[in-house]
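Participant: The structure is given below, and queries will be raised subsequently.
No value in this document is a laboratory result; all are computed from the given coordinates. Only a predicted model underlies this, so the values are computations on that prediction, with no experimental measurement involved. Methodologically, a virtual Cβ is constructed for each residue, glycine included, from the backbone with ideal geometry; neighbour enumeration extends over all protein chains shown.
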Amino acid sequence: MKTCVLAAMILAAPAMAWADKLDDLKSAGKVTIAIGNEPPFTAIDSAGKVSGAAPDVARAVFEKLGVPTLEAQVIEYGAMIPSLQARRVDAIAAGLFMKPERCAAVLYSEPVLCDAEALLVPKGNPKAFQSYADFATNATARLGAPGGGTEEKLALDAGVPRDRLVVVPDPQSGLKMLQDGRIDAYSLPVLSLNDLLAKSKDANLEVFAPVKGAPVYCDGVAFRQGEETLRDAFDVELAALKKSGEFAKIIEPYGFSADAALSTNREALCAQQ
């Protein structure tokens with residue numbers, strides 16, 4: 001009988017600890033996250049301040065949860081989940097994209113930072129390109145993409161004929177081709193095109209993202225298995241942040257697309273191979 005009682009106590013103890021995790025963080029007044037120090041996802045400046053899109057979102061959400069201070073440990077990506085499981089950090093906010101095997105090991109929040117396919121187009125997107133299939137059905141449309149890259153394959157799979165799919169050797173060439181009217185759009189991931197556009201300072205161009213029907217890869221803030229209460233509380237405040245527009249104000253200066261994060265969800269991402 002004593003053995004059964006002891007076993008029950010041992011099983012109950014972790015559950016109680018998990019349930020009280022948010023209260024523990026509130027009491028401590030701080031949360032420690034794992035980061036990779038890989039801008040624009042995460043960064044630490046010369047003064048030691050933790051920044052980057054992922055920590056900035058995490059900081060904003062935890063502040064709303066009553067945890068005012070965010071600290072970080074720089075950890076290699078392969079060691080982040082083991083460090084979380086070993087309780088050396090409270091969460092991971094580092095651009096650790098959701099994959100089925102990771103979703104089985106940790107509890108992810110809803111999407112935060114996404115790397116989606118995008119199109120660089122003339123201002124206002126006058127030909128209304130939103131998908132690779134749009135280039136297949138427009139008999140005169142010419143799309144630029146890196147040779148042998150994901151964008152080229154996605155376009156070909158969508159039916160874009162080879163003679164209207166222009167191989168572009170590098171981003172600057174793609175920018176020049178679009179400016180000269182040799183192509184109608186240039187395709188790369190969101191971050192790459194946002195960076196290219198920002199450096200070009202060309203007010204006559206804009207980025208459309210995400211490309212409809214193309215894969216979207218996203219991270220989320222990762223928590224330990226069993227800490228559903230903390231993860232769910234985080235998700236509630238994250239959703240409010242997205243709805244208010246504050247989420248976009250945090251991540252878009254770093255080059256990320258808020259619309260990309262809003263276009264998908266944890267369930268879909270964790271099932272995506």
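Participant: Largest first and to the nearest Å, give the Cα extent of region 116-208 along each principal axis.
Facilitator: 32, 26, 23
Participant: Take every DSSP beta bridge whose two residues both sit in region 116-208, then give the antiparallel share in percent to the nearest 5. The partial results should precede the final answer.
Facilitator: On the way: 8 of 14 bridges.
Of the beta bridges lying entirely in region 116-208, close to 55 percent run antiparallel.
Participant: Could you give the nm distance between label points at residue 49 and residue 182, where each point is 7 Å from its Cα heading toward the beta carbon?
Facilitator: Once both label points are built, they end up 4.3 nm from each other.
Participant: Contour minus end-to-end for residue 83 and residue 141, with contour as 0.36 nm per residue of separation and end-to-end as the Cα-Cα distance? Walk me through the numbers before you get to the answer.
Facilitator: On the way: separation 58, 0.36 × 58 = 20.88 nm, distance 4.95 nm.
Contour length minus Cα-Cα distance gives 15.9 nm.
Participant: Continuing with the same structure: Expected output is a single nm value to one decimal: the length gained when fully extending between residue 150 and residue 212, i.e. 0.36 nm times separation in residues minus the C-alpha distance. What is it? Write out the running numbers ahead of the final one.
Facilitator: Values: separation 62, 0.36 × 62 = 22.32 nm, distance 1.46 nm.
That works out to 20.9 nm of additional length.
Participant: Going by how many other beta carbons lie within 10 Å of each one, how would you line up 26, 201, 21, 212, fewest first?
Facilitator: 201, 212, 26, 21
Participant: Simple spin-label model, 7 Å along Cα-to-Cβ: residue 23 to residue 259 in nm?
Facilitator: Result: 4.4 nm between the two label points.
Participant: Ok, one more. In a GNM of the chain with a 10 Å cut-off on Cα contacts, which of 158, 185, 91 has the highest mean-square fluctuation?
Facilitator: Greatest mean-square fluctuation among the candidates belongs to 158.
Participant: Between 194, 37, 138, which gets the highest mean-square fluctuation from a Gaussian network model of the chain, Cα cutoff 10 Å?
Facilitator: 138
Participant: Shifting gears a bit: Quick one: check the C-alpha center-to-center distance for region 158-173 versus region 88-124, whole angstrom.
Facilitator: Result: 27 Å between the Cα centres.
Participant: Please give every one of the aspartates and glutamates within straight-line cross-link reach of residue 64, meaning a C-alpha to C-alpha distance under 16 Å, and leave out same-chain neighbours fewer than 8 residues apart.
Facilitator: 23, 24, 56, 232, 235, 237, 246
Participant: May I pose another question? Step through the table entries 26/199; 26/49; 212/242; 26/201, compare each Cα-Cα distance with 32 Å, and write down the pairs that go over it. Could the numbers behind the result be given before it?
Facilitator: On the way: 26/199 42 Å; 26/49 21 Å; 212/242 20 Å; 26/201 44 Å.
The pairs that break the limit, which is 32 Å between Cα atoms, are 26/199; 26/201.
Participant: Same structure, new question: Based on DSSP, what percent of beta bridges with both residues in the chain are antiparallel, to the nearest 5? Intermediate results must be reported in sequence, preceding the final value.
Facilitator: Details: 18 of 33 bridges.
Antiparallel bridges: around 55 percent, rounded to the nearest 5.
Participant: A further question on this structure: Step by step: find N for region 197-273, compute 2.2 N^0.38 Å, then divide the Cα radius of gyration by it. What's the final number? Before the final figure, lay out the partial values.
Facilitator: Details: Rg = 15.1 Å, N = 77, 2.2 N^0.38 = 11.5 Å.
Scaled against compact globular proteins, the figure is 1.32.
Participant: While we're looking at this one, here's another question. Give me the extension gain from residue 73 to residue 101: residue separation times 0.36 nm, minus the current Cα-Cα distance, reported in nm with one decimal. Don't skip to the answer; put the middle values down first.
Facilitator: Values: separation 28, 0.36 × 28 = 10.08 nm, distance 2.32 nm.
Taking 0.36 nm per residue and subtracting the Cα distance, the gain is 7.8 nm.
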